[in-house]
């Protein structure tokens with residue numbers, strides 16, 4: 001899993017029928033100091049995340065392992081909303 005922050009939404013009215021009902025969000029990948037590494041992906045949302053939230057997401061075949069994305073043509077899926085990130089005994093991030 002990878003750490004990221006939701007920076008926006010993607011709306012696609014015309015899409016493969018296997019993608020109907022999925023919500024797509026822009027995820028900016030973060031390192032453990034909460035800094036962007038410049039990589040942005042479009043990910044299917046399986047947990048109801050919103051813009052500004054820090055999330056865990058998976059890519060590749062692991063992205064198709066949630067109930068929401070099983071057997072769907074997705075390459076990235078948001079799988080969790082982060083409440084707190086602790087590194088080396090120090091709290092780096094805590095959700096408000």
*What is the pair-distance distribution P(r) of the chain, computed from all Cα-Cα distances in 10 Å bins starting at 0, with each bin given as a whole percent?*
17, 49, 27, 7, 1
*Roughly speaking, what is the stretch gain from residue 33 to residue 15, that is 0.36 nm per residue apart minus the C-alpha to C-alpha distance, in nm to one decimal?*
2.9 nm
*asked:* Just to be sure I understand: with springs between alpha-carbon atoms less than 10 Å apart, which residue in 32, 13, 77 has the highest mean-square fluctuation in the Gaussian network model of the chain?
replied: 13
*Under a GNM of the chain (C-alpha, springs under 10 Å), which listed residue has the highest mean-square fluctuation: 48, 60, 38?*
38
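Taken together, the values in this text are just the output of simple stated rules run on the coordinates, not laboratory data. The structure presented is a predicted model; accordingly, all values stated were derived computationally and were not measured.
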